[in-house]
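Q: Here it is, the structure, as structure tokens.
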Amino acid sequence: MPTVALQFFLAKIFQPTYVYFFPIYDTCRSIKLPIQMNKRTNFSSGAKWEDIVGYSRAVQIGNQLEISGTVAVDETGALVGRGDHYLQAKFILQKIEKVLTKAGFELKDVVRTRMFVTDISRWEEIGKAHGEFFGTIKPVTSMIEISKLIDPDHLLEIEVTAIKAD
């Protein structure tokens, strides 16, 4: 009989799967276990760093989209909102919304945001911008203070996970 840990591992691999757990007996009963092979789509912003570092702006597999850490830099490479946490956060979230749209997702599909900030004492300014985009959606979120980003003028970086409901 598979252990409970193995049952959860198998359930994760075989999503969507109907798996029934019977912890009293430490057994697993299931109906249909399809291995779902979803197409992977990488989205690029065209930034030279994507090829140098080896990353994508966003990656979609099935109904899930992961958006890479995003900073307040426009398409020409110019910083937006120098020294202003609110403006940088707002611009970043606008960029993220464009990526969501390009991939066929919407803000309402966002289930998690991660904000990496260089000064946590400015959380209210960053949170205000976040609330303007997600105030009614309310994804789970983290705001984490870090020592620095790749450029000292970058005050924060935001990552997003979106999942389209079936």
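The values are calculated or read from the model by the stated rules, or taken from the named source; none is laboratory data. Because the structure is predicted, anything quoted here is derived from the model rather than measured. Virtual Cβ from ideal backbone geometry, glycine too; neighbours counted across all protein chains shown.
Q: Need a quick list: strands (runs of 3 or more DSSP E) entirely within the range 1-86 having at least 1 residues that are at pLDDT 50 or above and among the charged types (D, E, K, R).
A: 40-43, 64-70
Q: All but one of (1) in a strand (DSSP E or B); (2) surrounded by 15 or more Cβ atoms within 10 Å (Cβ to Cβ) hold for residue 93; which doesn't?
A: (1)
Q: Another one. Provide a single number: the residues in the range 51-61 that are surrounded by fewer than 16 Cβ atoms within 10 Å (Cβ to Cβ) and out of contact with any helix residue (DSSP H, G or I) (no Cβ under 9 Å at 6 or more places or on another chain).
A: Total meeting the criteria: 5.
Q: Taking the range 62-78 as the region of interest, how many residues are of a type in the set (D, E, K, R), free of Cβ contacts under 8 Å to residues at least 40 places away in the same chain and either surrounded by 13 or more Cβ atoms within 10 Å (Cβ to Cβ) or not assigned by TED's automatic domain parsing to the domain that holds residue 108 (or both)?
A: 0
Q: Looking at 111, 160 in this structure, which one is in a strand (DSSP E or B), closer than 29 Å to residue 38 by Cα and in contact with a helix residue (DSSP H, G or I) (Cβ under 6 Å, 6 or more places away or on another chain)? Before the answer, list the steps.
A: Working: 111 fails: in contact with a helix residue (DSSP H, G or I) (Cβ under 6 Å, 6 or more places away or on another chain).
On inspection, the qualifying residue turns out to be 160.
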